[in-house]
Each structure stands twice: as C-alpha cells, then as structure tokens.
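Student: Next up is a structure, given as structure tokens.
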C-alpha cells in the first residue's frame, strides 16, 4: 500500500491470502479487588492495580493473534463514555482456569473535574470486551478535581554542614491535600531541596530527590531521611526542603509551606 494513493492489489499486483482462526475464550472473569485512588487530580496519571481471577474453562492467551488484555474506560456521571480506551495492558503471562493475577495499569485522569466511574475490564483483541459477554467488570466511583498541593513538614534542619558533603536529615511529612501522592507513573511526588545564599539568591534549584516509601494518602504522615548536599563554597546559606510533583510543580509554588533554615557551610 502507498499511503494516500492506492493498495497495490487494486493496480494488478498479486497478494497473499492468509486464513487466521481466532479462538474466543469463554469470557468468564472475577475482579476480586481493585486498588485505586478514589480522588484524582485532573490530567494526572495514576496507577490502578486490579486483581482478576479466571473463573472460566479456557486459558487467556498473553500473545498471538487474539491476546487477552486488561483495559479501562472512563464514564461520566450519567454513564456515558468519556474515554473508552483509557488503558490497555498486556497480561504478564497466559492465565489458566482458576489462576489469579494482579497487575499495575497506568491511566490518566480526565481533564475536566467531576464525578466519574472507572470501569476496569478484560478484552480479547478482535473479539470483544468481557463485559459485553456477561462478565461483571470492576466499577469504581472516582472524584476528579483540580490539583491541590499541600504538605506539612516537621523536624529540625542542621545548623551547619560541610561544603560538598552529602547529608541526611530525618523529617516528618504529612499530606495535607485531598489527593494521594503517587510514587510512580509520569508525575511522581518526591521530597527535594534548594539552596539560597544569605541574600536570598538561588544557588541550587534542583537538589537531590528523596523517594517516598509508598503512595501517601490524604492526611497520612510519613517519616523519612531526606538527603541533600552542601554547597561547594563556605558561607551562610538558606536550606529549603519541599515536595515536588515531577513536571508539574513544587508545592511551595502553589501555596504550601516548605521547611527552611539558615545553615553555616564550612570547609
């Protein structure tokens, strides 16, 4: 085929016929649980983890001409599709009768705030969705709202550090916003630092990132060692530690309070 021009067979070129038999599975599945954040920020990516049991008599193929995949739809408050193919994820392996799988699937929240239903289902490519054949998919009510960035820090920063040295400080961080802080996907949340000189001029903007140990839910508190490095030149500096959602914003830029302290940097 030459795009936008013609198929070669329409101009007399020979072609090859290949007969393919598509074997449909019996479309029987049970969604025993689905881990998902029930409040999401518009346009951000989240990880959902469904656990699915094959309660049929046939094996779900991972590959071939007719693989089975896990997919998702977004429905609005009236039940109409907003995004039909919100995600489609390969099975980790062929799944036999009575086998159970749990797998992560990344999907993007709708761009408009509102009340939605997230539907997680199975689909056999070229054949159909399991829900169309009688399986009950997972349905989760999800609230989608504009993002809010709020973190509360407690703990003392050091009064002095050595120039160029890598140091850690133990801080307690609380999620004071309405959304869980993701640790994976396109926009994870990290704890990081800036350095400013005594006059307030920026010296280091993108300091070390400290990973969160898990997804932090609204109101949840976590204690962790936050790592940073000292500036190369001795002097008096201001150390700022803040939360950052990668490629979105630093929390302090959206009204949250970072933790700050004057720090003496010595040779």
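Read-outs throughout are calculated quantities, based only on the coordinates presented, and are distinct from any laboratory measurement. Values in this document were obtained by computation on a predicted structure and should not be read as measured data. Here Cβ is always computed from backbone atoms with ideal geometry, including for glycine, and neighbour counts include all displayed protein chains.
Student: What number, in percent, do you get for the relative contact order of the chain if the mean sequence gap of Cα pairs under 8 Å and at least 6 apart is divided by its residue count?
Tutor: 17
Student: Evaluate the distance, in nm, between pseudo-label points positioned 7 Å from the Cα of residue 30 and of residue 203 along their respective Cα→Cβ axes.
Tutor: 6.2
Student: If each residue's Cβ is checked for other Cβ atoms within 10 Å, how do 206, 125 rank with the fewest at the top?
Tutor: Taking fewest neighbouring Cβ atoms as first place, the list is 206, 125.
Student: Taking neighbour Cβ counts within 10 Å as the exposure measure, how do 11, 69 sort from fewest upward? Write down the numbers at each step before the final one.
Tutor: On the way: 11 9, 69 17.
The most exposed by this proxy come first: 11, 69.
Student: Starting from the Cα-Cα distance between residue 103 and residue 222, subtract it from 0.36 nm times their residue separation and give me the gain in nm to one decimal.
Tutor: Working it through step by step, the gained length comes to 40.3 nm.
Student: So, one more: What's the extension gain from residue 260 to residue 57 if we count 0.36 nm per residue and subtract their Cα-Cα distance?
Tutor: Between residue 260 and residue 57, full extension yields 67.0 nm more.
Student: If each residue of separation counts as 0.36 nm, what is the full-extension length gain between residue 66 and residue 132 once their alpha-carbon separation is subtracted? Can you show the working numbers first?
Tutor: Working: separation 66, 0.36 × 66 = 23.76 nm, distance 1.66 nm.
Net length gain for the segment: 22.1 nm.
Student: List the residues of region 121-149 whose backbone N lies under 14 Å from a point placed 7 Å from the Cα of residue 88 along the Cα-to-Cβ direction.
Tutor: Inside the label zone: 121-130.
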